[in-house]
Amino acid sequence: MATKKKIRQSSSTIALNKKAGHEYHIEQRFEAGLVLEGWEVKSLRAGRVQLKEGYVRILRGEAFLLGAHVSPLPAASTHVSPDPTRTRKLLLKRPELNRLIGLTERAGYTLVPTAMYWKRGRAKLEIGLAKGKKLHDKRATEKDRDWQREKERLFKQR
């Protein structure tokens with residue numbers, strides 16, 4: 001008898017931070033692993049995470065994700081008290097970490113989480129090395145986006 005294989009067509013993306021692209025000029029992206037607890041992994045699989053208010057800080061030579069909200073599942077274990085906004089350690093290679101330390105401390109960059117996704121069964125966080133946008137930059141970006149949309153409409157009508 002042949003067994004049927006389960007076909008999983010779920011996206012590997014867990015969460016996106018669309019606000020980061022609006023608020024910052026993202027110049028470079030890095031991939032970091034996350035140190036998670038069991039209930040957090042279950043919540044990530046259910047897609048219960050928000051990166052909108054999250055940010056990355058480098059403390060004592062290590063990178064940490066702060067402010068990201070991982071909602072616990074209602075069926076969470078009774079012996080664990082889940083903290084949704086817990087500080088989570090990020091796993092980066094030492095040369096990458098040294099480079100990020102230098103750029104954030106001396107060049108005035110900030111680190112923002114841009115996306116969270118699965119890679120080979122492990123949760124990964126994409127970190128953007130970014131500089132903040134001014135109000136006129138945000139307006140220019142919005143104006144360019146509107147013009148591109150209008151241009152597509154004009155070409156589509158012909």
Next on the checklist: Report D for the chain in µm² per second (integer): Stokes-Einstein, Kirkwood Rh on Cα pairs, 20 °C, 1.002 mPa s.
Outcome noted: 119 µm²/s
Item to check | Probe 1.4 Å - accessible area at His69, Å² to nearest ten | outcome: 70 Å²
Checklist outcome for this item: Distance in nm between Glu27 and Ser71 label points, each 7 Å along Cα→Cβ, equals 3.7 nm
Next on the checklist: Place a point 7 Å from the Cα of Arg60 along the Cα-to-Cβ direction; which residues of segment 80-109 have their backbone N under 17 Å from it?
Outcome noted: 87-92
Checklist entry - Accessible area per residue, 1.4 Å probe, Å², for the chain: what's the number? => result 72 Å²
Next on the checklist: Leaving ligands and nucleic acids out of the surface, order Lys93, Lys52, Lys119, Lys124 by accessible area at 1.4 Å, largest first.
Outcome noted: Lys93, Lys52, Lys119, Lys124
Item to check | Nearest-10 value in Å² for the accessible area of Arg94, using the 1.4 Å probe | outcome: 120 Å²
Item to check | Cβ-based charge dipole, segment 18-158, positive-most Cα from Gly54, Ala130, Ser81 | outcome: Ala130
Next on the checklist: Under 10 Å, Cα contacts only: if you run a Gaussian network model on the chain, which one of Leu51, Leu111, Leu59 comes out with the highest mean-square fluctuation?
Outcome noted: Leu59
Checklist entry - How much accessible area does Leu73 have with a 1.4 Å probe, in Å² rounded to the nearest 10? => result 50 Å²
Checklist entry - With charges set only on the Cβ (+1 for Lys and Arg, -1 for Asp and Glu), what does the dipole of the chain come to about its Cα centre, in debye to the nearest 20? => result 660 debye
Item to check | Label-zone membership for segment 11-51, site Leu135, 7 angstrom Cα→C-beta point, backbone N under 16 Å | outcome: 23
Next on the checklist: Please report the carbon-and-sulfur percent of the accessible area for the chain; probe 1.4 Å, protein heavy atoms only, DNA, RNA and ligands left out.
Outcome noted: 49 percent
Checklist entry - Among the aspartates and glutamates, which have Cα under 16 Å from the Cα of Lys93 when same-chain residues fewer than 8 positions away are ignored? => result Glu31, Glu62, Glu126
Item to check | Formal net charge of residues neighbouring Leu125 (Cβ-Cβ distance under 10 Å; K, R +1; D, E -1) | outcome: 0
Item to check | Paramagnetic label zone (point 7 Å from Cα along Cα-to-C-beta, Leu91; backbone N under 15 Å) in segment 110-142 | outcome: 117-126
Item to check | By accessible area with a 1.4 Å probe, ligands and nucleic acids excluded, highest first: order of Lys42, Lys19 | outcome: Lys42, Lys19
Checklist entry - What is the set of long-range amide H partners of Ala68 at a cut-off below 5 Å, with H atoms built 1.01 Å from backbone N? => result Tyr55
Checklist outcome for this item: Amide H contacts under 5 Å for Tyr24, restricted to residues at least 5 apart in sequence or on another chain and with H modeled in the peptide plane, are Lys133
Item to check | 222 nm mean residue ellipticity, helices alone, for the chain (DSSP H n ≥ 4; -39,500 (n - 2.57); rounded to 500) | outcome: -10000 deg cm²/dmol
Checklist entry - Based on Cβ point charges of +1 for Lys and Arg and -1 for Asp and Glu, what charge dipole magnitude is obtained for segment 60-123 about its Cα centre, in debye rounded to the nearest 20? => result 320 debye
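The values are calculated or read from the model by the stated rules, or taken from the named source; none is laboratory data. Predicted model only: the values in this text are computed from it and were never measured. As a convention, Cβ positions derive from the backbone with ideal geometry for all residues, glycine included, and neighbour counts pool all protein chains shown. Accessible surface areas use protein heavy atoms only, side chains included; no ligands, DNA or RNA. Shrake-Rupley method; radii C 1.70, N 1.55, O 1.52, S 1.80 Å.
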